[in-house]
Amino acid sequence: MNIKLLAIGKTDNKALQSLIDDYTKRLSFYIKFDLEIIPDIKNVKNLSENQQKEKEGELILSKLTPTDQLILLDENGKSFSSVGFSEELQKKMNSGVKTLVFVIGGPYGFSDQVYKKAQGKISLSAMTFSHQMVRLFFIEQLYRGFTILRNEPYHHQ
């Protein structure tokens, strides 16, 4: 199985980017993982929230293939413990999913078309985090999930 994380806009914070790079490298020992950045929409101040979501949605959907399974990182999604998330990853691998695509949307969330295409939603927390921090937290949780599946000492219960 391949895992892809799509995110809107680049990470400006060099310290965060360094940590994202570190966990991305660690994750590569377990699975093929790609972080793909979708550039910010230009001239957003001239767009309504819905127009911005629609434009971002078109870009997100253009990155998918018909066999990809799409999971949205969404505040209204299902919450998991780290162990529960690792079990969910194992289920996806066992089910024969070729590419699992997770998406971090823009500041206003996702368009209706993206919601319709998605096969699931996951919430990382009831709290709100910056989009840049969510990348780090999510990639770290992916890494943690694979260490749990391998019974490695990274995760403590």
Qualifying residue in the range 22-42 (condition: hydrophobic (A, V, I, L, M, F, W, C), part of a helix (DSSP H, G or I) and in contact with a strand residue (DSSP E or B) (Cβ under 9 Å, 6 or more places away or on another chain)):
yes
Pairing a residue in the range 66-77 that is closer than 13 Å to Phe110 by Cα with any residue that is outside any strand (DSSP E or B) and among the acidic types (Asp, Glu), where Cβ atoms lie under 6 Å and the two sit 6 or more apart in sequence or on different chains, gives none
Look at the range 116-146 and say how many of its residues are under 19 Å from Gln69 (Cβ atoms) and surrounded by 14 or more Cβ atoms within 10 Å (Cβ to Cβ).
13
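Looking at the range 42-52, is at least one residue crowded, with 18+ Cβ neighbours inside 10 Å, more than 23 Å from Phe29 (Cβ to Cβ) and of a type outside the set (Ser, Thr, Tyr)?
Applying the first criterion (crowded, with 18+ Cβ neighbours inside 10 Å) to the range 42-52 yields 52.
Applying the additional criterion that residues be more than 23 Å from Phe29 (Cβ to Cβ) yields 52.
Okay, now just the ones that are also of a type outside the set (Ser, Thr, Tyr), so 52.
Checking the range 42-52: at least one residue is crowded, with 18+ Cβ neighbours inside 10 Å, more than 23 Å from Phe29 (Cβ to Cβ) and of a type outside the set (Ser, Thr, Tyr).
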Out of the residues in the range 99-123 that are at pLDDT below 95 and part of a loop (DSSP other than H, G, I, E, B), which is nearest to Leu142 (Cα to Cα)?
Gly105
Of all residues in the range 53-69 being of a type in the set (A, V, I, L, M, F, W, C) and surrounded by fewer than 20 Cβ atoms within 10 Å (Cβ to Cβ), the one that is farthest from Gln113 (Cα to Cα):
Leu64
Identify, by number, the condition in (1) over 17 Å from Lys63 (Cα atoms); (2) crowded, with 20+ Cβ neighbours inside 10 Å that Val103 doesn't meet.
(1)
Report yes if Leu59 is in contact with a helix residue (DSSP H, G or I) (Cβ under 7 Å, 6 or more places away or on another chain) and either part of a strand (DSSP E or B) or at pLDDT 95 or above (or both), otherwise no.
no
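For the range 5-21, give me each residue that is open to solvent by less than 40 Å² (accessible area, probe 1.4 Å) and in contact with a strand residue (DSSP E or B) (Cβ under 9 Å, 6 or more places away or on another chain). Full working, then the answer.
Of the range 5-21, the ones open to solvent by less than 40 Å² (accessible area, probe 1.4 Å) are 5-9, 11, 16, 20.
Of everything in the range 5-21, those that are open to solvent by less than 40 Å² (accessible area, probe 1.4 Å) and in contact with a strand residue (DSSP E or B) (Cβ under 9 Å, 6 or more places away or on another chain) turn out to be Leu5, Leu6, Ala7, Ile8, Gly9, Thr11, Ile20.
The values are calculated or read from the model by the stated rules, or taken from the named source; none is laboratory data. Worth saying up front: this structure is predicted, and the values here are computed from it rather than measured. When we count neighbours, we look across all protein chains shown, and the Cβ atoms used for this are built from the backbone with ideal geometry, even at glycine. Note: areas computed on protein heavy atoms with side chains; ligands, DNA, RNA excluded. Shrake-Rupley method; radii C 1.70, N 1.55, O 1.52, S 1.80 Å.
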